Amino acid sequence: MNLKRMIQFTMKPIAFGILFVFAVNVFAQLTTRENDEVLVKLGARPQKGDMSLMFAYDIIPDSVKKANLYGGNFLRAGDLLTFKYYLKDDLVFRGGLRLTHISNDTKGAFEDSTYYFVNQINSPGGKSTMRNASLVREYIFVPGIEKHFSKNNFFDVYTGADLFLGFGRERSINNIDFTNGDYSRIKTRMNTQIIGVGGIVGFNMFIAQLPISVGLEYGINALYVGGMKTRINREDRITTGTVTETYSSDYFVEGRFDPTDIDPATGVPGGGQNQFNQLKRSMFRMETNQNVRIILNLYFGK
C-alpha cells in the first residue's frame, strides 16, 4: 500500500468522528433549552398616573348657528393646547389652554405738513404727529373630566364633560395731531366673556403595544357670550378761520370697531355702524352634535 492510500484510509474515520461529536452536541442543546413565552398584546391601556397629549379634528364645519366650544387641537395656529391626566384607571382629568396676546404701537412725526383731511376734520394745519396702537388679549381655559367604563385592553368607552371659560379684551388708539393745534383722537375698548358647558360620549381604540389610541367623541354644547360691544371715545378739535371748536363723544357700537374703516357716504369711521348711548349684547346657543371630533391620544408616563 503506497503512502497516498494510507493517508486517505486514515482521514475517513477521523472525519466521521468529528461529525458524530458535533451532531451529538447540537442535539443536546436542542433538547435541553427553554423557549421564551411571548404574549403579544393588542393594546396598551393607560393606568393611574399616566398622561397624554390629546389632538382632535373637528369634522363639523363652522357656522353662525354652531354652539362650538372648541374644535380641539390639530396643530393649527390658535388651537388650544390639550392634555389628559389619569387620576385613576377609569377617571381622567382633561384640560385645554389658549393664551393670546397681540399688540402693535406706531408713533411718528410727519415730514410733510400739508393741508390734510382726516376723520371728518378739515384742518388748515398740516399733520404733525400720529399714533396708531392696538391690543388684543384672549385667555381660554377648558377643564374637563372623563369617566371610563370598559376595561378592555383594545376598546375603551367613556363619557365626560367640559367647562369653557373665555375672556377677551381689545383696545385701540388712533390719534393725529396738526401743526396748528387741531387734533383727532379716537380710543376704543371691547371686553368679551364666554361661558360654556359640554357633555360628551366617546370611545378609544388602542393600537398594538404603541402608546397611541384613536377614537371619536360627540355630545351637546351650550354657549353664552357676553360683551361683544365696543365703547368709543372720540375727541376732535377743528379750526375754521378764526373759530376753533372742540367736539367730544362717547358711544357704543355693535361688535368690533375699526377706526380706519371710513364710511364713504358719511365719512364716519367705523364703517357707518349705528351709535348707541347705551347698549347691551349677549348670545346663547345650545345644540346637539356640535363637537363631533376625531381624537388622537399620545400617552406617556411619569
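The values are calculated or read from the model by the stated rules, or taken from the named source; none is laboratory data. Bear in mind that the values here come from a model prediction, so they are computed numbers and not experimental data. No Cβ is skipped: glycine too gets one built from the backbone with ideal geometry, and neighbour counts run over all protein chains shown.
Summary of values
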read-out: Residue pairs meeting the criteria (Cβ under 9 Å; at least 6 apart or on separate chains; first over 15 Å from Arg45 (Cβ atoms), in the stretch 282-302; second loosely packed, with under 15 Cβ neighbours inside 10 Å and among the charged types (D, E, K, R)); value: Arg285/Lys65; Glu287/Lys65
read-out: Residues located in the stretch 246-302, provided they are aliphatic (A, V, I, L, M), at pLDDT below 80 and in contact with a strand residue (DSSP E or B) (Cβ under 8 Å, 6 or more places away or on another chain); value: Ile262, Val268
read-out: Filter pass, Ser52 being at pLDDT 85 or above, outside any helix (DSSP H, G or I) and not basic (Lys, Arg); value: yes
read-out: Close pairs (9 angstrom Cβ cut-off, 6 or more residues apart or separate chains): crowded, with 16+ Cβ neighbours inside 10 Å and at pLDDT 90 or above in the stretch 125-136, of a type outside the set (Ser, Thr, Tyr) and outside any strand (DSSP E or B) anywhere; value: Asn132/Pro259
read-out: Qualifying residue in the stretch 154-170 (condition: charged (D, E, K, R), modelled with pLDDT under 90 and either surrounded by 16 or more Cβ atoms within 10 Å (Cβ to Cβ) or part of a strand (DSSP E or B) (or both)); value: no
read-out: The stretch 77-101, residues that are under 26 Å from Val136 (Cα atoms) and assigned to a strand (DSSP E or B); value: Leu81, Thr82, Phe83, Gly95, Gly96, Leu97, Arg98, Leu99, Thr100, His101
read-out: Scan of the stretch 210-242 for residues that are assigned to a strand (DSSP E or B) and small (Gly, Ala, Ser), ordered by number; value: Ser213, Gly215, Gly219, Ala222, Gly226, Gly227
read-out: Among (1) among the charged types (D, E, K, R); (2) more than 24 Å from Gly96 (Cβ to Cβ); (3) at pLDDT 90 or above, the one test that Asp177 misses; value: (3)
